[in-house]
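One structure is given below, encoded as structure tokens.
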Amino acid sequence: MKCNKTENQTINEKEEVLDEQEATSCDEGSCANMAEEEQPKADTVSEENEAPAVEEIDWRDKYIRLQAEFDNFRKRTLREKMALVESGGSDAWKAVLPVLDDMERAIAASEKSEDIAALREGEKLIYNKFIDIMRQKGVVEIEALDKDFDADLQEAVARFDAGKEKSGKVIDVVQRGYKMGEQVLRYAKVVVGE
């Protein structure tokens, strides 16, 4: 066993000496060959480094395009909303214009006519026409009289002693309230019983 250890040490020493000699006695041709052998390894490494760079550029390009598309979408929806609001308002006013025409005719007729009953009838027709237009547009009156007070739909302007049976109920409507769908346009102003 001792022989084997010394032989192994001798072999290792010889290999180290040979490695040192090859490193120091490198002539130009053999060193160039060694450099060429190492070069392809560097090329493969650089190709691997280029692939992530290309992917990173692709991701940046996709990100920029996505951001531009979202910005265009946001601007387009904003324009559509503005157009919808403008057209919605114009539709409501177009519906009200015939009522305005009727009111102008009623005023002109009241100046010439002495028949009070006919004038009142004309006013009622105009009022009913206006209420029909409001219903077509989805605006309805908030029913409040003799109902329980609801702070979500009504505004109490006064309290009045009305007895136990009317306590907490609306006993008078000072100003009517209106809502469109679930949205309150104007709260009903009411007197609440105590």
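Laboratory data are not the source of any read-out in this text; all were calculated from the coordinates shown. Given the structure is predicted, the values throughout are model-derived calculations rather than measurements. All Cβ positions, even for glycine, are placed from backbone atoms using ideal geometry, and neighbour counts span all protein chains on display.
When Lys and Arg each count +1 and Asp and Glu each count -1, what net charge do the other residues less than 13 Å away from SER113, Cβ to Cβ, add up to? Don't skip to the end; give the middle numbers.
Details: positive: ARG105, LYS112, ARG120; negative: GLU111, GLU114, ASP115, GLU121, GLU123.
Net local charge, SER113 excluded: -2.
In nm, what is the difference between 0.36 nm times the number of residues separating ARG159 and MET103 and their Cα-Cα distance?
On the way: separation 56, 0.36 × 56 = 20.16 nm, distance 3.68 nm.
Length gained, ARG159 through MET103: 16.5 nm.
So if R0 is 30 Å, what FRET efficiency would GLU56 and ALA83 give, r being the distance between their Cβ atoms, rounded to the nearest 0.05? Mind showing how you got there, number by number?
Details: r = 41 Å, r/R0 = 1.36.
Rounded to the nearest 0.05, the efficiency is 0.15.
When a/c is below 1.5 the answer is rounded, else prolate if a/b is larger than b/c, else oblate, so apply that to the stretch 83-149 with a ≥ b ≥ c taken from the square roots of the Cα gyration tensor eigenvalues.
oblate
Quick check: from the Cα gyration tensor, does the stretch 141-194 come out rounded (a/c under 1.5), prolate or oblate?
Details: a/c = 2.67, a/b = 2.18, b/c = 1.22.
Note, shape of the stretch 141-194 comes out prolate.
Which order do the peptides 142-151, 174-183, 71-80 come out in when sorted by mean C-beta neighbours inside 10 angstrom, highest first? Show your work: numbers first, answer last.
On the way: 142-151: 14.2, 174-183: 12.4, 71-80: 10.0.
Descending mean neighbour count gives 142-151, 174-183, 71-80.
How charged is the neighbourhood of ALA188? Take every other residue with its Cβ under 14 Å from the Cβ of ALA188, and add Lys/Arg as +1 and Asp/Glu as -1.
Numbers: positive: LYS147, LYS169, ARG176, LYS179, ARG186, LYS189; negative: GLU141, GLU143, ASP146, ASP148, ASP150, ASP152, GLU155, ASP172.
Around ALA188, the charge tally is -2.
Using 1/(1 + (r/R0)^6) with R0 = 25 angstrom and r between the beta carbons of LYS75 and MET180, what's the FRET efficiency to the nearest 0.05? Spell out each step's value before the answer.
Values: r = 29 Å, r/R0 = 1.14.
E(calc), rounded to 0.05, equals 0.30.
Take the cross-link list LYS129/LYS189; LYS75/LYS129; LYS129/LYS179; LYS81/LYS124 and give me the ones stretching past 30 Å between alpha-carbons. List each step's numbers first, then the result.
Details: LYS129/LYS189 24 Å; LYS75/LYS129 40 Å; LYS129/LYS179 18 Å; LYS81/LYS124 37 Å.
Listed pairs above 30 Å: LYS75/LYS129; LYS81/LYS124.
Once you sort the root eigenvalues of the Cα gyration tensor of the stretch 44-137 as a ≥ b ≥ c, which label holds: rounded (a/c under 1.5), prolate (a/b larger than b/c) or oblate (the other case)? Could you put the intermediate results ahead of the total?
On the way: a/c = 16.96, a/b = 7.23, b/c = 2.34.
Taking the square roots of the gyration eigenvalues as a ≥ b ≥ c, the stretch 44-137 is prolate.
Residue-wise, which Karplus ³J(HN,Hα) couplings in Hz belong to the stretch 76-84, taking 6.51 cos²θ - 1.76 cosθ + 1.60, θ = phi - 60°, and x for glycine or proline?
5, 5, 5, 4, 5, 5, 4, 5, 5
Could you calculate the FRET efficiency of ASP146 with GLU194 from 1/(1 + (r/R0)^6), where r is the beta carbon distance between them and R0 is 22 Å, rounded to 0.05? Please report the intermediate quantities before stating the final value.
Numbers: r = 15 Å, r/R0 = 0.70.
It comes to 0.90.
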